[in-house]
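Heads up: the structure comes next, in structure tokens.
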Amino acid sequence: MTNKYLRNLVVWALILAVAFPVALQLWRRTPREEISYTAFVEQVEAGQVTSVEIGDGVVTGRLKGGQQFTVYIPVGDTSYIDLLKSKGVPIRVEPRSRSSLWPSLLSTLLPILLLVGLWMLMLRQAQSGSNQAMSFGKSRARLHTDNKPKVTVADVAGVYEAKEELQEIIE
């Protein structure tokens, strides 16, 4: 019994260990307005940009009003970095992502794996315990009566007249 509960506990712990970081990542994302590269340069020149974060071809940042933005940078263009430095904007650089294969693979396969796992759990439940899936209306109660007369083989076997004659001979 405890083995079954331990196995269920491990399965639920694994599900939570996978689902929690994914959910946290989805909830942590804040909406950012996508602006053009030209508008980004104009905002930097006007002194409206308070901080930026440079990634692979993408710059995200915050304006003075607290609004967040995203801008895609042309390949090979680094002139905006000198402009940011000249305006005193704090720059944070994100490391290059090694591989985007795992997150995309996980987000694709996780729902499929969860559905397969639930399907297998349902099949296992349906097969265990004398076909429990089809016995939802059947009662397992049994009728026990102690006052029921017990009939033995000696009571029903043979002829009663022969038993009476035998009794008379013996007496």
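Calculate, for residue 41 and residue 105, the FRET efficiency according to 1/(1 + (r/R0)^6) with r their C-beta to C-beta distance and R0 45 Å; round to the nearest 0.05.
0.75
Hey, could you get me the Stokes-Einstein D for the range 1-82, Kirkwood radius over alpha-carbon pairs, 4 °C and 1.567 mPa s, rounded to whole µm² s⁻¹?
It diffuses with D of about 82 µm²/s by this estimate.
Using unit Cβ charges (K, R positive; D, E negative) and no other charged atoms, how large, in debye to the nearest 20, is the dipole of the range 63-108 about its Cα centre? Intermediate results must be reported in sequence, preceding the final value.
Numbers: 6 positive and 3 negative charges, 31 e Å.
Dipole size: approximately 160 debye.
If I model a spin label as a point 7 Å beyond the Cα along the Cα-Cβ vector, how far apart are those points for residue 15 and residue 81 in nm?
4.8
Taken together, the values in this text are just the output of simple stated rules run on the coordinates, not laboratory data. In this text the structure is predicted, and so the values were computed from the model without any measurement. Please note: Cβ atoms are built from the backbone with ideal geometry, for glycine as well, and neighbour counts cover all protein chains shown.
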